[in-house]
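Coordinate-derived values only; no laboratory data. Here the structure is a predicted model, which is why all the values come from computation and not from measurement. Reconstructed Cβ throughout: ideal geometry from the backbone, glycine too, with neighbour counts over all protein chains shown.
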């Protein structure tokens, strides 16, 4: 399966909301889904590092970095931690760095852009709060579905056995 979202929108048009931000793929895994965990932070990835060091089986981290393009909220070391801890993917309203390395990981990573400058670690940010992602309210526990067609969220897990 290379495309998921077109079929999901065909079958569940009223249960999905497309995130309208222009995310670009940076991880080696372009199609993924999972239960949403949220970090809200601005130019400080301390909480991103903290969360991705925890078990992420079946989960996707949504990072609301306020759309900042001045600092990278994810690099290869934190992404490796996410991979080691079983996370399905990471979606960042902000930037990543180490993009050539990220592309070698079997991890879904979508972000607004690339920026080689890291953040300061000040321990700031919020975990599992509702965030506005381009006009779509995203809350912890929602489901996220991503592929190269876009990124969508749903209040519930959707069955896509019909794709077999």
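Among the residues of the range 123-144, which ones are exposed (fewer than 12 other Cβ atoms within 10 Å of the Cβ) and farther than 13 Å from residue 38 by Cβ? If the condition is that a residue be exposed (fewer than 12 other Cβ atoms within 10 Å of the Cβ) and farther than 13 Å from residue 38 by Cβ, then 123, 135 are the ones that fit. I'd like the residue in the range 43-72 that is in contact (Cβ under 8 Å) with a residue 40 or more places away in the chain and in a strand (DSSP E or B) and, out of all such residues, is surrounded by the fewest Cβ atoms within 10 Å (Cβ to Cβ). Residue satisfying both the conditions and the ranking: 64.
Of everything in the range 73-91 that is more than 13 Å from residue 32 (Cα to Cα) and touching a residue at least 40 places away in the same chain (Cβ under 8 Å), the residue that is surrounded by the most Cβ atoms within 10 Å (Cβ to Cβ) is 73. What are the residue pairs meeting all of these: first residue in the range 8-21, first residue within 11 Å of residue 160 (Cβ to Cβ), second residue in a loop (DSSP other than H, G, I, E, B), Cβ atoms under 7 Å, and 6 or more apart or on different chains? Every condition considered, the pairs that remain are 8/16; 8/158; 8/160; 12/158. Restricting the range 114-164 to residues that are without any contact (Cβ under 8 Å) to a residue 12 or more places away in the chain and more than 18 Å from the chain's Cα centre (by Cα), the residue that is farthest from residue 60 (Cα to Cα) is 164. Residues in the range 1-33 that are assigned to a helix (DSSP H, G or I) and touching a strand residue (DSSP E or B) at 6+ places or on another chain (Cβ under 7 Å): 5, 8.
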